[in-house]
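Undergrad: I'd like to ask some things about the structure below.
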Amino acid sequence: MTSQALRYVALGDSYTIGTSVALDERWPNQLIAALGTDGPTLDLVANLGVNGYTSADVIEVEMPRLAALRPEFVTLLIGVNDVVQGVSAEMYRRNVTSILDDLAARVGAERILVVTTPDYTVTPAGGDFGDPVRQSAGIRAFNEILTTTASSRGILVVDIHDLSLHAATDPSLVARDGLHPSGAQYALWVKRIHPA
């Protein structure tokens, strides 16, 4: 028995829009392909991810578009640009809380999936965006904030941070820009996200 596909909106930054990879290599697109006809099906009505966006940009630019898009399932991956731009942990926590509370009111906590931020510092171009040791620590700290905030609301979190670290020794996991994940890395993410 097939049920109607859920209207899916993906929120986030360059990792969600898939900077430097083809449309079908973006992880939200790979997720839909992986789901196929088994279990719930998703209709990606919008991928609102934008390169360089922070949690504040999600609030100011992406969230206002949800009323017209009428999502029934939402994913969120946001935080790397907050780290790069020096947003405080407290401000990031406030922003993430605002986003998740709004999404839970719209679609319910059980229809939100949060994905942690990968560690770009292990990529060939990672050093161009701040001290790798400091930035890597910031990513881990913000992932903890995101995970704790989501989990306390009954929102599922899929942690892909460890998968991103393989890019340090496997060039096939890095896109041609030397910074973002490749389609192959996104495929590893989807293998972990799919069962969730």
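The values are calculated or read from the model by the stated rules, or taken from the named source; none is laboratory data. Just so it is clear, the structure is predicted and the values come from calculations on it, not from any experiment. Cβ atoms come from the backbone with ideal geometry, glycine included; neighbour counts cover every protein chain shown. The area values use the complete protein model at the heavy-atom level, side chains included, leaving out ligands, DNA and RNA. Shrake-Rupley method; radii C 1.70, N 1.55, O 1.52, S 1.80 Å.
Undergrad: Towards the positive end of the charge dipole of the stretch 63-196, with charges on Cβ (+1 Lys, Arg; -1 Asp, Glu), say which of 100, 149, 121 has the farthest Cα.
TA: Farthest along the dipole direction, towards plus: 100.
Undergrad: Continuing with this model, one more query. Given the rule -39500 (n - 2.57) for each run of at least 4 DSSP H residues, summed and divided by the residues of the chain, what is its mean residue ellipticity at 222 nm, to the nearest 500 deg cm²/dmol?
TA: Numbers: 8 runs with 76 residues, N = 196.
Calculated from helices alone, the mean residue ellipticity at 222 nm is -11000 deg cm²/dmol.
Undergrad: Same structure, new question: Explain nothing, just compute: Karplus ³J(HN,Hα) = 6.51 cos²θ - 1.76 cosθ + 1.60, θ = phi - 60°, for every residue of the stretch 10-23 in order, whole Hz, x for Gly and Pro.
TA: Coupling constants for the stretch 10-23: 9, 10, x, 10, 4, 5, 7, 6, x, 3, 6, 10, 5, 3 Hz.
Undergrad: Another question, then. Apply the Karplus curve 6.51 cos²θ - 1.76 cosθ + 1.60, θ = phi - 60°, to the phi angles in the stretch 159-170 and return the couplings in whole Hz, x for Gly and Pro.
TA: For the stretch 159-170, the Karplus curve yields 8, 10, 3, 5, 5, 5, 5, 5, 5, 5, 10, 10 Hz.
Undergrad: Considering only protein heavy atoms, what per residue accessible area in square angstrom results for the chain with a 1.4 angstrom probe?
TA: Each residue of the chain exposes 45 Å² on average to a 1.4 Å probe.
Undergrad: When only C-alpha pairs under 8 Å and at least 6 residues apart count, what is the relative contact order of the chain, in percent?
TA: Relative contact order comes out at 25 percent.
Undergrad: Sticking with this structure for a sec: Tell me, what ³J(HN,Hα) does each residue in the stretch 66-71 have, in order and in whole Hz, if you take phi through Karplus 6.51 cos²θ - 1.76 cosθ + 1.60 with θ = phi - 60° and put x for Gly and Pro?
TA: 5, 4, 6, 7, 6, x
Undergrad: Over all directions, what mean area does the Cα convex hull of the chain project, stated in square nanometres?
TA: Computed as one quarter of the Cα hull surface, the answer is 10.1 nm².
Undergrad: Follow-up. Calculate what fraction, in whole %, of the accessible area of the chain sits on carbon and sulfur atoms when a 1.4 Å probe is rolled over the protein chains.
TA: 53
Undergrad: For the stretch 102-196, max minus min Cα coordinate along each principal axis, in Å, sorted largest first?
TA: Rounded to whole Å, the extents work out to 40, 27, 18 Å.
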